[in-house]
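One structure is given here, and the rest of the page talks about it.
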Amino acid sequence: MKTFSIIGCGAVGKTVGRLLQQSGSVAVRDILTRSTASAQTAADFIGAGRPVADFNKLERADLYLVASPDDAIAACVRELCRTDLLDRDTTVCHFSGSLGSALLEPAAQFGAQLASVHPVKSFADPAVCVGDFAGTWCGIEGDPQARELMAELFSAIGGKIFNIDPRFKTIYHAGSVLACNYLTALLEAGLRAFEKGGVPRETALLVMEPLVRGTVDNVFRAGTARALTGPIARGDAGVVARQLDALESYDGQLALIYRALGSVALELSRERGQACAPGLAQIEELLATARVGAS
Ligand SMILES: NC(=O)c1ccc[n+]([C@@H]2O[C@H](COP(=O)([O-])OP(=O)(O)OC[C@H]3O[C@@H](n4cnc5c(N)ncnc54)[C@H](OP(=O)(O)O)[C@@H]3O)[C@@H](O)[C@H]2O)c1
């Protein structure tokens, strides 16, 4: 059976380590962190593995999973390269969503196969995460052989595999920031506009809730273009002009957001094909023209 060792074993290392060990498709060998005590805690959680705190103590494994924080991955790989454990039969993999497998490149000099797996999940509590990992989407990129191995191992623990283009991994990662973190920021922007309209925040949240939930449901049921409603979906240039004008007088930042997202909405409206072309052309012009003196 193939063996794996974990370098850096916190939330992700513990969860993935235990699931892989339990799957029976690979066996854990060493667990390395910066102290034997924390490596021991991880080994206890995984239920197997030899705790070590020094790269010189690592033994040969088929697969090295670097599950340290992003900032420490490069240093961990440099240390791993100083051992004589890497060759063409070893695979080295990290779990960062924003960094590519190219970060592991020093290991390729020894012939090692490289990959990165990004499990799209928030790993807060490993004890909970081992129970609900099944169904987690896992973005993979790297060398073909390493990708194949990681896809096989992660499928065996319930992961759902998709491929990432390594050249644009940072942009891929920004996608989650835009869709999740910025959704929160966007709702805050919406709340501020409601408040300016005399609706207290608590009431505004109640009013917005069914709107927002309905919209999100529509996006996942019908796709973004068909879920789009409102003035840009209708090609109603008059409403867009008045709203832009009012927002610019009230808060330049909200007006900027309105313009930037309005241009994405415009593309969706064109794709949807329900609004008249002259209305959309007028909206395009409005969105592109900042009012003189606006911040
Ligand atoms: N957390 C998430 O939700 C999540 C989701 C997807 C992907 N990821 C990715 O998964 C990776 C691990 O994240 P995490 O949240 O599991 O991190 P974490 O909980 O902070 O754990 C990091 C582990 O690395 C060890 N460590 C730190 N510096 C080290 C070094 N220089 N050498 C060896 N070990 C070191 C730490 O142990 P000691 O402090 O005891 O040394 C700890 O065991 C990151 O690449 C992250 O981007 C995380």
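The values are calculated or read from the model by the stated rules, or taken from the named source; none is laboratory data. Keep in mind the model is a prediction, meaning the values are calculated, not measured. With ideal geometry, Cβ positions are generated from the backbone for all residues, glycine too; neighbour counts draw on all protein chains shown. To get the accessible areas, we keep the full protein, side chains included, count just its heavy atoms, and leave off ligands, DNA and RNA. Shrake-Rupley method; radii C 1.70, N 1.55, O 1.52, S 1.80 Å.
If you take the residues of segment 1-17 that are in contact with a Ser or Thr (Cβ under 8 Å, 6 or more places away or on another chain) and more than 6 Å from the ligand (Cβ to nearest atom), which of them is most open to solvent (accessible area, probe 1.4 Å)? Checking each candidate, the answer is MET1.
Looking across segment 71-96 at every residue that is within 14 Å of the ligand (Cβ to nearest atom) and outside any helix (DSSP H, G or I), the one that is surrounded by the fewest Cβ atoms within 10 Å (Cβ to Cβ) is identified as THR83. In segment 239-267, the residues that are open to solvent by 40 Å² or more (accessible area, probe 1.4 Å) reach residues that are of a type in the set (Gly, Ala, Ser) and in a helix (DSSP H, G or I) with C-beta atoms within less than 7 angstrom, at least six apart or across chains, in these pairs: ILE257/ALA189. Taking first residues from segment 53-69 that are more than 13 Å from THR36 (Cβ to Cβ) and open to solvent by 60 Å² or more (accessible area, probe 1.4 Å) and partners that are within 11 Å of the ligand (Cβ to nearest atom) and not in a loop (DSSP other than H, G, I, E, B), the Cβ contacts under 9 Å between residues at least 6 apart in sequence or on separate chains come to GLU59/VAL52. Return a yes/no flag: does segment 35-42 have any residue that is away from the ligand (no atom under 12 Å from the Cβ), at pLDDT 95 or above and surrounded by 14 or more Cβ atoms within 10 Å (Cβ to Cβ). The answer is no, given that none of the residues of segment 35-42 is away from the ligand (no atom under 12 Å from the Cβ), at pLDDT 95 or above and surrounded by 14 or more Cβ atoms within 10 Å (Cβ to Cβ). In segment 124-170, of all residues being open to solvent by 30 Å² or more (accessible area, probe 1.4 Å) and assigned to a loop (DSSP other than H, G, I, E, B), the one that is nearest to LEU20 (Cα to Cα) corresponds to ALA134.
Here are the criteria: (1) over 30 Å from CYS138 (Cα atoms); (2) touching a helix residue (DSSP H, G or I) at 6+ places or on another chain (Cβ under 9 Å); (3) open to solvent by 60 Å² or more (accessible area, probe 1.4 Å). Tell me which single one GLU202 does not satisfy. Checking GLU202 against (1) over 30 Å from CYS138 (Cα atoms); (2) touching a helix residue (DSSP H, G or I) at 6+ places or on another chain (Cβ under 9 Å); (3) open to solvent by 60 Å² or more (accessible area, probe 1.4 Å), the one that fails is (2). Determine, yes or no, whether ASP125 is acidic (Asp, Glu) and more than 22 Å from ALA42 (Cβ to Cβ). Answer is no for this residue. Of all residues assigned to segment 174-187, at least one qualifies as being modelled with pLDDT of 95 or more, in a helix (DSSP H, G or I) and more than 29 Å from VAL12 (Cα to Cα).
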